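Have a look at the structure below, then the notes.
The values are calculated or read from the model by the stated rules, or taken from the named source; none is laboratory data. Please read all numbers here as calculations on a predicted model, not as lab measurements. Note that we place each Cβ from the backbone using ideal geometry, even for glycine, and neighbour counts take in every protein chain shown. Heads up: the accessible areas ignore ligands, DNA and RNA and are worked out on the full protein's heavy atoms, side chains in. Shrake-Rupley method; radii C 1.70, N 1.55, O 1.52, S 1.80 Å.
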Amino acid sequence: MTQPLTADGVGASARRPDADAKVRGDFAYSSDLWHDAMVWGATVRSPHPHARVVSVDASAALALPGVHAALTAADVPGVNRYGLEKRDQPVLAEDVVRYAGEPVAVVAADTPELARHAAGLVEVAYEPLPALTEPERALESPALHDGGNLVRHVRIRRGAPARADVVVTGEYEVGMQDQAFLGPESCLAVPAGEGVELYCSTQWLHVDQDQLAGCLALPKERVRLTLSGVGGAFGGREDLSVQAHACLLALRLGRPVKMSYGREESFAGHVHRHPARMRYEHGATRDGRLLYVKADILLDGGAYASTSAAVTGNAACFATGPYEVPAVEIDCRSVYTNNPPAGAMRGFGAVQVCFGHESQMDKLAAALGMDPVELRLRNAVSTGSTMATGQRVEGPAPVAELLRRVADRPLPPPAADDPRLLPGGTSNSTRADRLVRGVGYGLSVKNICKSAGYDDYGTARVRLFAHEGEAVAEVHTAAAEVGQGLVTVQAQIARTELEVARVTILPADTEVGDAGTSSASRQTWMSGGAVRAACLAVRARLLERAAALLGEPAGALTIGGGAVTSSARSVPLVELLAEGDVDETAVFRHRTTEALDPATGQGDAHVAYAFATHRAVVDVDPELGSVRVVEIACAQDVGRAINPVAVEGQMHGGIAQGLGLAVMEEIRLRDGRILNPSFTDYLIPTTMDMPPTVLDILELPRPDSPYGLTGVGEPPLLSAPAAIAAAIRDAVGPAAAAALDRIPMTPEAVATAVLDA
C-alpha cells in the first residue's frame, strides 16, 4: 500500500465518522425520520401482473376516522410518468397495471397501522389480461408499451470468425437477484411554501428532483431534496419508489407525510437484477488461443425500462470477458415482460455475462485438455489490448498478474470433522469423509464511471474559514453516501489538499450542483475529483493572499502545518482568513467517451476498465447437493487505495453478494408474482455462510484519474459467482457439471445433476 500524503488524508485508513453510531445502533436512517405534525402514507398495489383498471373506489377508506386522503392517477398534478432513461412508469397506474405490486393508489392516515388498513379498504376493480412472463416470447407477443416489447438490442461485430480447431457451445442462465439492502425504502415529505422538501434515501438526488418536478408540476427549485441515512443501496435506490407518493400526499394535505415500506413491500417497491439467458460459442486453436466468441444474450427487463438499456449495453460490451478475441459476434437484447421491473444492481450486466464467459472458458479448457488457469493466462488482455468494442485498453490491465496471485496461493486444508465447518452446518447432515472438494476460477472486467458519450460530472463546493483560532474546511456535495464511505473520502481529500485537520462534510442536498449517481463505481473518481478541484482553487486563493502579504510570488510559497510559508517567514492560515472566508465551487469531468456504433458496436465508449480475479474452494456433499464455500481469494487492481480499510470492506461485501448469487439468492416468480418476499424465504449469506477471504490489493495508479484511483465497488462481486460455480462443477465431476448451467446452484440442482450423471 502507498503511504498517506498526510495524517488521515489520502492513502490512510481514516475512521468513518458514522462508525460508532452505526455500531451502537444510534445512526439515524431514513426510517427514523420524524415530524410532530406528520401523517403516514401507504400504497395500494395491484395483485395482478397484467390487468385493466376498471375502477377505484376509496370511499370505505375515507370513511374511517383518521384517514385524510386517498389519491389515484387522476390526482397527479403533472405528468404521470417517471423513469431514469425513459419516462414510461406511472406514478400511479391509470388504465393498466403491468406487474404484480404496481402502485394504483396512495392513502394517508394518522398512524402507519391505520394507513395500511385503509389501503386494504380501497376497492379496485380489475379486468385481468394475459400476462407475458417468459422473455423468449416477448418479441412475438402483443406489445406492453408503445413501440413494442424490445427495450434495446446491442450488436457487436468485430473481425471475421476463423476456422477453429476446437469449438464449445453452452447455454447459461442467471436468476433474479435482489439488492437485499437492510434499510427498506422510506422518506419524509414536508410542504414548504409553494413547493416541497423531501428527506429520503436515494442514490442520486438531482435525478430524483428532476423526475419529481415533472410529476408534481413544480419548478425544480421548488423541490428540494436532502439525503437521509441510507441503509444500503447496490443499485436498488436509483429509481423512484416512495418519493413521488409522499410528495403527492404532502402537497394535497399541506402537512408532512412519512412513508416507510416493510420488507415484503420493499421487494415489490424496487427493481432487481436482470435475469439472463445466454447462448455462447467459443472457437479456439489447439494450443488454446481464442479465435472467436459468439453470444446471444436475453435480459428480462420486466414491466418498465428503468436502466435496462444501459445494462444491455454493458452486458454486450463485456460478454467476451477480459480476453483477447480477434472476432466477436454479440447480440444482446432486453425486453419488456409482466415480471417485476429489473434495473440497476451492483455489476450492472457484467455479472450475468461473466458467468457465461467463464463457464465457457472452463468448458474450452476441458475440451483442450488444458489447465483452466493456463488457458486464461494465454488469452488475458493487457495494456494495449483491444476489447470487443474495438477500444484499446489504455490504463493498467494486470489480468495475468491478478490471476497468478490467486492461483499461486496455498489451498486451505481438508475439511475437519467439525459440523460447523461442513455443508449443512450444525444440522449435522453430512460427514467430512463424504465430501468432495473443488477449485474454480473467475476473471472479470467492467467499466468505471458513465459511458457512451454521457456527460458525466461531479460538483463540489469547498469553503475554508476560521473558527476558534483554527482553519476549518467545509465540503458540500450532492453525492449520496450509501454506505461506501464517500463522506470519509471527501474529508480525506480536503485534509490532503488544504493540510487542515478539521473538515466538516455538509449533508448532501440539491442546494449544490449535481454530483451524479452513487453507482458505476464512480463517486470517488467524480465527486472526489470535484472536491479536489475545489480544494485546489481554495489553495490557489490562499496563496494569492499570502503572496500579496509577504511580497513573494505565490509559486514560492507552501502550505502546511496550518500556515503558508515562504523562505523568510510563515503566516498562519487563520490570519489569512481574517480577510474573509475562501469559498470555491468546482465541476469535474472525466475525458469524453463516445456512443457505440449501432451497427457494429464499435467505439471508445468507456472511460476506464477495472479488473478482478477470484479463486473459490468449495466442499460439496454429492448426495445432498449441499455446498460450503471454504475459501475465496480475490485479487483486484484499485489504482490507488484512497482508504485501504474501506477498499477491503468493499471487497468483502462484493464477495458476499457474489456468494449469495452463486448458491442461494433468487427471487422466485410464479405467473409474474414474487413467491418469496422475505428474508425467511429469500436467503442471503450470513456470517456463518461467509468463508475466510484472502484479499490481494494491487495498486497500479492510473494516469487519468484523481490520485491514480480506479473505482472499487463493483469488481469484487463480478467473478465471484463464476468462480464458485466453477468450483462446484470441479467437485462433482464432468458428467454432473454439464447440467450445472444456472445460478444460483441450489442443493436441489446440484443433487439432481449428480443423480442424473
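Quick check on the stretch 445-457: of everything there that is touching an Asp or Glu at 6+ places or on another chain (Cβ under 8 Å) and part of a strand (DSSP E or B), which residue is most open to solvent (accessible area, probe 1.4 Å)?
TYR457
Let's see how each residue does on (1) among the hydrophobic types (A, V, I, L, M, F, W, C); (2) without any contact (Cβ under 8 Å) to a residue 60 or more places away in the chain:
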position	(1), (2)
ILE297	yes, yes
GLY301	no, no
TYR336	no, no
VAL353	yes, no
GLU358	no, no
ALA366	yes, no
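If you take the residues of the stretch 131-162 that are open to solvent by 70 Å² or more (accessible area, probe 1.4 Å) and charged (D, E, K, R), which of them is farthest from MET387 (Cα to Cα)?
So, considering only residues that are open to solvent by 70 Å² or more (accessible area, probe 1.4 Å) and charged (D, E, K, R), the one farthest from MET387 (Cα to Cα) is ASP146.
Take the residues in the stretch 63-76 that are touching a helix residue (DSSP H, G or I) at 6+ places or on another chain (Cβ under 6 Å) and surrounded by fewer than 18 Cβ atoms within 10 Å (Cβ to Cβ), then tell me which one is farthest from PRO112 (Cα to Cα).
Step by step, filter the stretch 63-76, then rank; the result is LEU64.
Just the residues that are over 16 Å from the mean Cα position of the chain (by Cα) and surrounded by 24 or more Cβ atoms within 10 Å (Cβ to Cβ), please, taken from the stretch 175-184.
Matches in the stretch 175-184: none.
Using the structure shown, decide if ARG670 is modelled with pLDDT of 95 or more, out of contact with any Cys (no Cβ under 7 Å at 6 or more places or on another chain) and more than 30 Å from ALA432 (Cβ to Cβ).
Yes, satisfied.
Of the residues VAL96, VAL53, VAL107, which is aliphatic (A, V, I, L, M) and either open to solvent by 30 Å² or more (accessible area, probe 1.4 Å) or touching an Asp or Glu at 6+ places or on another chain (Cβ under 7 Å) (or both)?
None of the others qualify; the one that does is VAL53.
Scan the stretch 664-686 for residues that are within 20 Å of the chain's Cα centre (by Cα) and among the aliphatic types (A, V, I, L, M) and jot them down.
MET664, ILE667, LEU683, ILE684
Among the residues of the stretch 240-278, write down those that are of a type in the set (D, E, K, R) and touching a strand residue (DSSP E or B) at 6+ places or on another chain (Cβ under 8 Å).
Of everything in the stretch 240-278, those that are of a type in the set (D, E, K, R) and touching a strand residue (DSSP E or B) at 6+ places or on another chain (Cβ under 8 Å) turn out to be ARG252, ARG255, LYS258, GLU265, ARG273, ARG277.
Can you pull out the strands (runs of 3 or more DSSP E) entirely within the stretch 507-613 that have at least 1 residues that are farther than 17 Å from ILE493 by Cβ and open to solvent by less than 30 Å² (accessible area, probe 1.4 Å)?
Correct list: 563-565, 570-572.
Does the stretch 157-167 include one or more residues that are in a strand (DSSP E or B) and within 16 Å of ARG98 (Cα to Cα)?
The answer is no, given that none of the residues of the stretch 157-167 is in a strand (DSSP E or B) and within 16 Å of ARG98 (Cα to Cα).
Inside the stretch 433-444, can you point out the residues that are surrounded by fewer than 18 Cβ atoms within 10 Å (Cβ to Cβ) and either among the hydrophobic types (A, V, I, L, M, F, W, C) or in contact (Cβ under 8 Å) with a residue 40 or more places away in the chain (or both)?
Once the filter is applied, which keeps residues that are surrounded by fewer than 18 Cβ atoms within 10 Å (Cβ to Cβ) and either among the hydrophobic types (A, V, I, L, M, F, W, C) or in contact (Cβ under 8 Å) with a residue 40 or more places away in the chain (or both), the stretch 433-444 yields ARG434, VAL436, ARG437.
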